[in-house]
Amino acid sequence: MPGKHNGNGDRARQSVAQEAARLIVEHGIRDFRVAKTKAAERLGISGRGSLPGNAEIELAVSDHLSLFGGDSHANHLGQLREAALSAMDMLAEFSPRLVGPVLQGTADHNSAVNLHVFTDSPESVAMELHARGYDCRAYERRLKISRGKGAKPESFAGYEFRLEHAAVQATVFPVDGIRQAPISPIDGKPMKRANRKAVAELIRHCERSEAI
């Protein structure tokens, strides 16, 4: 049975972040809050100050994948980015942008390719997928658009489908939503978005690095 910690200090936070990262990568837990709560329980750590922030957990996930993933992680990440390019080509009329773990490099075998697409008619995305022979599942995602103290999450429609053995989630924003990215639950800043050109360059850069 794990020993009790006093719940203070950077060491406790780091231990929780590392265990949360393991749970995220190995058990597919997507919610950072759930992951760090479970990690703290497993380690017998208590105290609010001992719980790491989401940015600390994301860094721990990156470290975990670098340490234990090796070539397997790099190859899988490359495959997901290639799938993202294919999906972006297929949904080109909706000005797709890649976001999330596949862009950040923290994707694992449980991660989906996350796209933001833009149209004032969400149903048109589903119609395009169906026209191309893809079955899709509708979902709803709640995201904050501004960082104001009173800002509340808004609901956005989305569609999930399979492409090249990868799950792709396309969340639909209004056309003018391309000007302002939603707030990341990781660091509280606007989400990083990448267009097709940027994703293709990212893939080329990684391929050049691996060849060296």
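The values are calculated or read from the model by the stated rules, or taken from the named source; none is laboratory data. Values in this document were obtained by computation on a predicted structure and should not be read as measured data. So basically every Cβ, Gly included, is an ideal-geometry build from the backbone, and we count neighbours across all protein chains shown. Note: areas computed on protein heavy atoms with side chains; ligands, DNA, RNA excluded. Shrake-Rupley method; radii C 1.70, N 1.55, O 1.52, S 1.80 Å.
Some notes on this structure:
- For a straight C-alpha distance cut-off of 18 angstrom, the aspartates and glutamates reachable from Lys38 (same-chain residues fewer than eight places away being disregarded) are Glu19, Glu26, Glu56, Glu58.
- Helix-derived mean residue ellipticity, 222 nm - over the chain, DSSP H n ≥ 4, -39500 (n - 2.57), to 500: -13500 deg cm²/dmol
- Protein-only accessible surface order, largest first, of His109, His165, His116, His205 at 1.4 Å: His165, His109, His205, His116
- Candidate lysines - alpha carbon under 26 Å from Lys36, same-chain residues fewer than 8 apart omitted: Lys4, Lys144, Lys149, Lys152, Lys189, Lys192
- Between 0 and 90°, nearest 10: helix 196-211 axis offset from the chain longest Cα axis: 50 degrees
- Peptides 29-36, 101-108 ranked from most to least packed, by the mean per-residue count of other Cβ atoms within 10 Å: 101-108, 29-36.
- Centre-to-centre, using Cα atoms only, the stretch 92-123 and the stretch 175-203 are separated by 9 Å.
- The HN-Hα couplings worked out from phi for the stretch 131-146 by the Karplus form 6.51 cos²θ - 1.76 cosθ + 1.60 (θ = phi - 60°) are 5, 8, x, 9, 7, 9, 10, 6, 9, 10, 10, 9, 9, 8, 9, 10 Hz, whole numbers, x standing for Gly and Pro.
- Efficiency of FRET between Lys152 and Ser124 - r from beta-carbon atoms, R0 22 angstrom, step 0.05: 0.25
- Accessible surface, 1.4 Å probe, highest first, among residues Met88, Met191, Met127: Met127, Met191, Met88
- Probe 1.4 Å, accessible area per residue of the chain, Å²: 57 Å²
- Overall, the chain carries a charge dipole of about 920 debye about its Cα centre when +1 sits on the Cβ of Lys and Arg and -1 on the Cβ of Asp and Glu, all other atoms neutral.
- Residue among Leu98, Leu67, Leu51 with the largest mean-square fluctuation in a Gaussian network model of the chain, springs linking Cα atoms under 10 Å: Leu67
- Approximate shape of the stretch 57-120 as ellipsoid semi-axes (Cα gyration tensor, √5λ), whole Å, largest first: 25, 13, 6
- Cut-off 17 Å (backbone N to label point 7 Å along Cα→Cβ of Ala131), residues of the stretch 84-110: 87-96
- Equivalent ellipsoid dimensions for the stretch 94-212 as semi-axes, Å, which come from the Cα gyration tensor, largest first: 24, 21, 13
- Among Gln180, Gln18, Gln169, the largest mean-square fluctuation in a Gaussian network model of the chain (Cα springs under 10 Å) belongs to Gln180.
- Selection among Ala84, Leu129, Ala181 by position relative to the dipole of the stretch 58-212 gives Ala181 as farthest towards the positive end (Cβ unit charges, Cα centre).
- Each Lys and Arg contributes +1 and each Asp and Glu -1, all at the Cβ; summed about the Cα centre of the stretch 39-149, the dipole is approximately 540 debye.
- Rounded tilt (10° steps) of 32-43 against the dominant C-alpha axis of the chain: 20 degrees
- Computing Rg and Dmax of the Cα atoms in Å directly from the structure and comparing it against [x] 37.7, 130; [y] 18.6, 58; [z] 16.8, 49 singles out [y].
- Measuring with a 1.4 angstrom probe and ignoring ligands and nucleic acids, Val199 comes out at about 0 Å² accessible.
- On Cα atoms only, tilt of 10-27 relative to the major axis of the chain in degrees: 40 degrees
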